[in-house]
Structure formats: C-alpha cells, structure tokens
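Remarks on the structure that follows.
The values are calculated or read from the model by the stated rules, or taken from the named source; none is laboratory data. In this text the structure is predicted, and so the values were computed from the model without any measurement. A quick note on method: Cβ atoms are made from the backbone with ideal geometry, for glycine too, and the neighbour counts reach across all protein chains shown. For the accessible areas, the whole protein counts, side chains as well, though only heavy atoms, and no ligand, DNA or RNA atoms are used. Shrake-Rupley method; radii C 1.70, N 1.55, O 1.52, S 1.80 Å.
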Amino acid sequence: MVLTGSQILIEALKLEGVDTVFGYPGGAVINIYDDLFEATAINHILTRHEQAAVHAADGYARCTGKVGVAIATSGPGATNTVTGIATAFMDSIPMVIITGQVPTPLIGNDAFQEADMCGITRPCTKHNFLVKDIKDLARTIKEAFYIARTGRPGPVLVDLPKDVQIAKLEFKYPDEVNLRGYKPTYSGNTRQIEKAAKMILEAQKPVLYVGGGVNLSAASEELLKLADLTQIPVTTTLMAMAAFPQRHPLALGMLGMHGTFYANMSVTECDLLIAVGARFDDRVTGRIDSFAEKAKVIHVDIDPTSIRKNVEVDLPIVGDIRDVLVKLTDSLTRQQEQVETLVEATEAWRDTIAEWKERHPMAYRHTKSTIKPQYVIEKLRELTNDDAIITTEVGQHQMWTAQFFEFTQPRTFLTSGGLGTMGFGLPSALGAQAAFPERQVIDISGDGSFQMNSQELATLVQYQLPVKIVILNNNYLGMVRQWQQMFFDKRYSQTVLELPIDFIKLAEAYGATGLQTSKVEEVEEIIRKGLETPGPVLMNFNVSREENVLPMVPAGRAIHEMVLAS
Amino acid sequence: MKHTISVLVENEFGVLARISGLFSGRGFNIESLSVAPTHDPDISRMTIVTRGDDRILEQVTKQLNKLISTIKVVDFTDEEFVERELALIKVTAEAESRAEALRIVDIFRAKVVDVTPKTYTIEITGAPRKIDGILELLRPMGIKEVVRSGPVAIGRGAKRDWTA
C-alpha cells in the first residue's frame, strides 16, 4: 500500500500498540494532524503547551510501563518539549517524541520556525533521528520504539521534515531491529550472582538500597521476595518509594538529603550495601567519601555507565534487575540453611535499626491552629484507594509526599526525581488519568510549582479527566525559602510569592471545581468532598507557612549528619 | 595518563557531534581526534587521544559504548599498537638557515612539499613524539604555521581490532 510519510507514521504507531498520544499541532505537523483526524484507533489529547504534552506522555509511560508518545511542531513547539524530554531522560522513562521539521531543502537556512532539534536534544535523549528520506521512515520509527523501551529506557526524538511527511512510498514495517551498536545486556552473569549470594550470606549488617530501576523492569514482586527471604531491610530512593510497600516491617523509607534518620543511619553503619537499580545520585549520597564507608558494595544495574561512576563497587552485576533478583533469590533459596543462619545473625542489626526508628521516627508536630502540610498528606493517604496514582511537582510538598504517603503499590508515585522539574505534576497526572480513567489520580502540588503548568486545567476539563489537585499553599517557594532560612540568615530573596492567588476562581475559570480551607478541622471534609466530586477538582489548603522538610542533610555533609525535627 | 582510543561508529549524520558532545558534556579531556571512513563505507573510525585516571577512562569507554551509533571501542593503552600522525610545517628558511632546514628534513625522513624564497613547507609522518622532535629543532628558524592531523592508530599483529 502506497502511503504518505504522515500516514506511514500513524500506521507505525498503531503497529507499536500506541493508542494514546499527547500533542499540539502546528505548521510543520499539519499533515500528521490531518491524518490523525481520521485515525480513530489513536486517541489524541491536546494539551495547552508542548512541555505539558511531553510530561503527560511521561506520566502515561511511568504508570503503564508502555512507551509514551508526544507530538509537537517545529521550532518553538519543539523547543518547548526540551524540559519534558530532559525530565524523562534523567529518570529513564521510555518515550518517543515526534517533532515536525521544516522541509529538507530549507534545513540550515534559518527558515521560519526552524530549530536544530537533533542538536538541541542530543544530550537529553537516549538517541535521536532526523529522517531525511521517506525510505528511512518506517525503519526509524521501529528503531525509535525499540531503543526507547529496551535496555535502560529513555526518550527518543524523531525529527520529521514536512516534505518527508508529504512524500509517498509503499509501506512496509520491518519485523525486527538490527542495531549493531546497541545490544543491551539483560542476563546477569551467574558467577557474579553466586558471589553476591555469598557476600549476602556472610553479612552481619546488610541493607538493600533500591532505585527507579526496580520500577523500570517491573521487579517489585521479586524484590519483596528477596527481602522476605533474607530479612534484609530496604531503603528506597525517591524514584522507588512505591516499588517496595512502605508499611512493610523491613521498609526504611527514603534515604539521602531528606531521608529518614533510620535509613541514613543504616546505610552509614551497614557492612553490605546492595544497590539495585539505583545510581548513587548526590542527593542520595551526601558527602560521597563518607557514604556507606564501612560497607562492601554490590551494584546491580542494566547500564554499565552507572557502575563505578560515583562510588567504588566491590561486586558489579550488569543486567536486568528482575533477571538478577530472580537468579539471586533462586540461589539463596537453594542455600536454605545458610539463609536461616543469616536471618539469625542479622537479628541484632534489625534490632539496632528498630531502636533508631523508635528514637527518631518520621514525625511532625500536629497543631490545631494551622494546617500542617504533612497532615494533609496523611489524611489524603487515609482517604484514597491503595491503587491511587499520586504525582507531584518539585519542592517541599514532593519531599513530604515521599516521606508521609506510605505507598503500597508499584507505579503509583510519579515524580521528577533526577531533573527536579517544577510543573511536572499536573500534566503527568493528566497522562496517568488518560491511561487509567477509572483510578484516582492526584497531583500533590505547591502553589509555586502549580503555576508552572496550570494552563493544563483546560485540558483536564476538555477531556473530563477527573484529576484531583491538592495544593499545599504556603505562599512561598518553600524549598528555596527553607534553604534561605537555614543557610542564608532568613534573607528570603525572591521566594515570597506575595500575591495570594484565588485558586478557586482559577479552577472555576477553566470549568473545574475549586475547594479550599485554612482550618485544620475542615481538611478531612474537603478531601472527602474533593474526591467524591466528579471531574477535575482543585483543593487548596493554606498551610503552616514556614514548615520545613526534615530530616535534612545540609549540602556537602555526610548523610548521618542530619538536622532532625525537634 | 594518556590513552589512545579507537572508536568505530556508524558513518552517518551527526555522529561526530554525538562523540564530541559526550566529551564536552561530561567534562572529559580530548587532546586530539581524527575521523574518516574505513574500508567499509558504512563505518567510520575515530582515533581519540584523551587523558585521565583509570576511573575516568572506564567512564569514557563505557559512555562511548553506550552511544547507539558506536559499534566498538578499543582502548589501545594496554595493547601493542602502531600510532602515526601527519604534520605540515611552514618554516622560515632564508639564506643561512635553508641548508640547515634541509638537513633536519633529511634526518627525520620528512619531505619538503612546497618551497618559496623565504619558506619551506615540510611534510612529516610518524609517532607524535617524532613530530614534537622535528618541531623542536625547527623552532629556532621560525615556525610560521603548523597543522597536525592528530594520531591514527591500529593494533599490531594479524588480528583485527574489530569484526562487524
């Protein structure tokens, strides 16, 4: 069948199993949109900004595990996607971004709405393509999806000139991909895994340090099995808070800059650190030379560059997390007696951790006069279903959510960890709700972050995506204000938002429901009402203004040197 | 420590930018880089000279391997290899220094490829150290311009550095 380039793109998307795309039309993608007009198999959601389209595709990918797809036009449309792409890149989220490009004869001429997208996105994509010839189009789309979802996943950009969209060719979708420079290692080396089992069996104070890789290879169940078998405590990074049930007795919560006292102490004191799909980010390690300095380190990761990038490793295992965890658990199961000895030998270690936990539990001082942001999060946790999907923006509210929400199911916590993108939460919630229309989807936000993509209220209302938005409103850029309070003599330079926004009117202007309160006793009622109200609802809580996120490890300090809640 | 790395890449649009962008983006040092197609026109070979300790070199190698367009990375440092660089040197050669310049050219088995009444342009190939050597001897006469290609390298012996 002879098809145009834009028709080939749409047929290829269908063959890749894409049923939802997020995007924004423009001159250089008008042909694609013309064909989308009739393509009933693909549901297109029109956001109000291209950045939001990419975050929405990202949210969709994070909660489904599928490849998220976004479309934008050339020039400004394409450059607007960059923050979204960089966000996905830092958190290894599988995505394909299609951007229009000026016709090939005009490329390089500073044509209207021209931007060198392959140049601009080279450092923030896993790979990118400029399709200069329609003969390469079908193969390129096939490769883009393959690269996005395999190995360590990531965003792939396909830049599609307008004349290639218009050109015609017999459509044939390749059956397989052959990239001689790209052969990710999935299977963990058995000998290395046997060594890991031996190291685990010899440990007195082991800790599992778990990152976003567990989500990406859908290995939560395998992780739980390993932890249950060996009784090794589990600390999770921000990316992995939902990858291990936070109410499990072995759960230590988050580690690092705003980690729990007991997680940070456990890592500092452990004699074996088993890093699984985590990358020793600076927000996790604090001062690097004191991080887990008493421990031998096992590092499991699918990406060889993650290993020995920041810390020395005693035993590297390159492979898919699930594959490695299954093999490791199998090996240990075969050594049942030694495992029993291990569980006995590590009982004192778990007791020590329990003492730490008792001494400094995750807590905050509840008041009756002002709403504490942590209280709102606790109430929200009580009143939502276990499978509710929570997204956040970036800042204090994000850390409180990680600390207090106690996630229980994988892929229910979507947050920008690596890049730390304010404005991520609302559009990613939109994407998650499009993926799961029946589930509760809640964006926990601050009043600063919310205003970075608040235009997406329009998208929620247009498509009747019933996302609930919870704003923890302190009228500050709270996280920066906290740093200014603690390290800059309370000089609140440009962090006071001054203008109190009427968020109810804002919600209503878009046709959404707005609710708000400043009273502690009304919090529960507002949440109940907000969750019950059909359609998108914005709940604004005016919270205690100068509440801080604690514990906190000051920048440059070791993670056991925490400022604790009094 | 100095390392000579050979990188086999897909001979396609933008590959050089991917490689050089990787070095600049991650703060890796790049001393020289040369690139041209191999006998297989679909594959180009880059020779990169870089500096760094073992940990940095491990990252450089891994990051290069991670690029989708990279087919193979060979760090020659622990292997036997032949390394050659080409240089073109325009040197002042007037009256008393003309004969001396030719003597130096002869000793280094270089060639004069362009002559004017006031200058010689000298072509020399060899290991980078040899080129450093001739430059040192020519410097007193007045070097007007130097163009160096950066080294290219290949493993010694019968085996290939790579097979597609």
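Net charge near residue A:108: determine it from the other residues with C-beta under 9 Å of the C-beta of residue A:108, scoring Lys and Arg +1 and Asp and Glu -1. Before the final figure, lay out each step's value.
Working: positive: none; negative: A:110, A:114, A:116.
Around residue A:108, the charge tally is -3.
Quote the accessible area belonging to residue A:489 in square angstrom, nearest 10, computed with a 1.4 Å probe and with ligands, DNA and RNA left uncounted.
130
Within 10 Å of each Cβ of B:20-32, how many other protein chain Cβ atoms are there on average? Could the numbers behind the result be given before it?
Working: counts 0, 3, 2, 0, 1, 3, 3, 0, 0, 0, 0, 0, 0.
Per residue, the number of nearby Cβ atoms from other chains is 1 on average.
What net charge do the residues around residue A:502 carry, taking every other residue with its C-beta under 13 Å from that of residue A:502, with Lys and Arg at +1 and Asp and Glu at -1?
Numbers: positive: A:505; negative: A:447, A:508.
Its environment carries a net charge of -1.
Order A:195, A:205, most accessible first, counting only protein heavy atoms with a 1.4 angstrom probe.
Details: A:195 105, A:205 80 Å².
So, going from the largest accessible area down, we get A:195, A:205.
For segment A:348-463, state the average projected area of the convex hull of the C-alpha atoms over all orientations, rounded to one decimal in nm². Walk me through the intermediate numbers first.
On the way: hull surface 37.3 nm².
That works out to 9.3 nm², a quarter of the Cα hull's surface.
Would you give the gap between the C-alpha center of segment A:199-245 and the C-alpha center of segment B:68-92, rounded to a whole Å?
Between the Cα centres of segment A:199-245 and segment B:68-92 lies a distance of 45 Å.
What percent do you get for the relative contact order of chain A when only Cα pairs under 8 Å and 6+ apart count?
On the way: 1290 pairs, mean separation 79.6, N = 566.
Once normalised by length, the contact order is 14 percent.
Got a number for the accessible area of residue A:162? Probe 1.4 Å, square angstrom, nearest 10.
60
Give the relative contact order (percent, whole number) for segment A:216-344; include only Cα pairs under 8 Å separated by 6+ residues. Intermediate values should be presented prior to the final figure.
Details: 177 pairs, mean separation 29.9, N = 129.
For segment A:216-344, the relative contact order is 23 percent.
Starting from the residue with the highest accessible area, list A:322, B:45 in decreasing order, probe 1.4 Å. Could you put the intermediate results ahead of the total?
On the way: A:322 100, B:45 45 Å².
Listed by decreasing accessible area, they come as A:322, B:45.
Just to make sure I understand: if all protein chains stay in place, what is the order of A:546, A:176, B:123, A:293 by accessible area at 1.4 Å, largest first? Intermediate results must be reported in sequence, preceding the final value.
Details: A:546 80, A:176 150, B:123 55, A:293 120 Å².
My answer, sorted largest first, is A:176, A:293, A:546, B:123.
Ordered by packing density, taken as the mean number of other Cβ atoms within 10 Å over each peptide's residues, highest first, how do A:547-555, A:353-361, A:385-393 rank? Show your work: numbers first, answer last.
Working: A:547-555: 18.8, A:353-361: 14.6, A:385-393: 22.2.
So the order, starting with the most tightly packed, is A:385-393, A:547-555, A:353-361.
Using a 10 Å cut-off on Cβ to Cβ distances, tally the other chain neighbours for every residue of A:298-311 and report the average as a whole number. Could you put the intermediate results ahead of the total?
Numbers: counts 0, 0, 0, 0, 0, 2, 7, 9, 1, 3, 5, 6, 0, 0.
Across the residues of A:298-311, the mean count of other-chain Cβ atoms within 10 Å is 2.
Evaluate the distance, in nm, between pseudo-label points positioned 7 Å from the Cα of residue A:310 and of residue A:109 along their respective Cα→Cβ axes.
4.8
Counting only C-alpha contacts under 8 Å and six or more residues apart, can you give the relative contact order of segment B:22-164 as a whole percent? Could the numbers behind the result be given before it?
Working: 208 pairs, mean separation 39.2, N = 143.
RCO, segment B:22-164: 27 percent.
For segment A:146-239, give the magnitude of the charge dipole about the Cα centre (Cβ charges: +1 Lys/Arg, -1 Asp/Glu; no others), in debye to the nearest 20. The partial results should precede the final answer.
Numbers: 12 positive and 10 negative charges, 54 e Å.
For segment A:146-239, the charge dipole is close to 260 debye.
Can you compute the modelled spin-label distance between residue A:505 and residue B:51, with each label point 7 Å from Cα toward Cβ, in nm?
6.3
Kindly give the semi-axes, whole Å and largest first, of the ellipsoid equivalent to segment A:16-98, taking each as the square root of 5 times a Cα gyration tensor eigenvalue.
They are 19, 16, 9 Å, listed from largest to smallest.
Alpha carbon centre of segment A:326-349 versus segment A:411-458: separation in Å?
Comparing the Cα centres of segment A:326-349 and segment A:411-458, I get a distance of 41 Å.
Sum up the charges of everything whose Cβ sits under 11 Å from the Cβ of residue B:6, counting Lys and Arg as +1 and Asp and Glu as -1, but leave residue B:6 out. Don't skip to the end; give the middle numbers.
On the way: positive: B:45, B:72; negative: B:75, B:79, B:83, B:161.
Its environment carries a net charge of -2.
Please compute the Kirkwood hydrodynamic radius over segment A:467-564, one decimal place, Å, based on all pairs of different Cα atoms.
Values: mean 1/r = 0.0647 Å⁻¹.
When all Cα pairs of segment A:467-564 are included, the Kirkwood radius is 15.5 Å.
Roughly what % of Cα-Cα distances in the protein assembly as shown sit above 46 Å, to the whole percent? Before the final figure, lay out each step's value.
Details: 79827 of 266085 pairs.
That fraction is 30 percent.
Indicate, rounded to the nearest 5 percent, the antiparallel portion of the DSSP beta bridges found entirely in the protein assembly as shown.
Working: 47 of 111 bridges.
Of those bridges, close to 40 percent are antiparallel.
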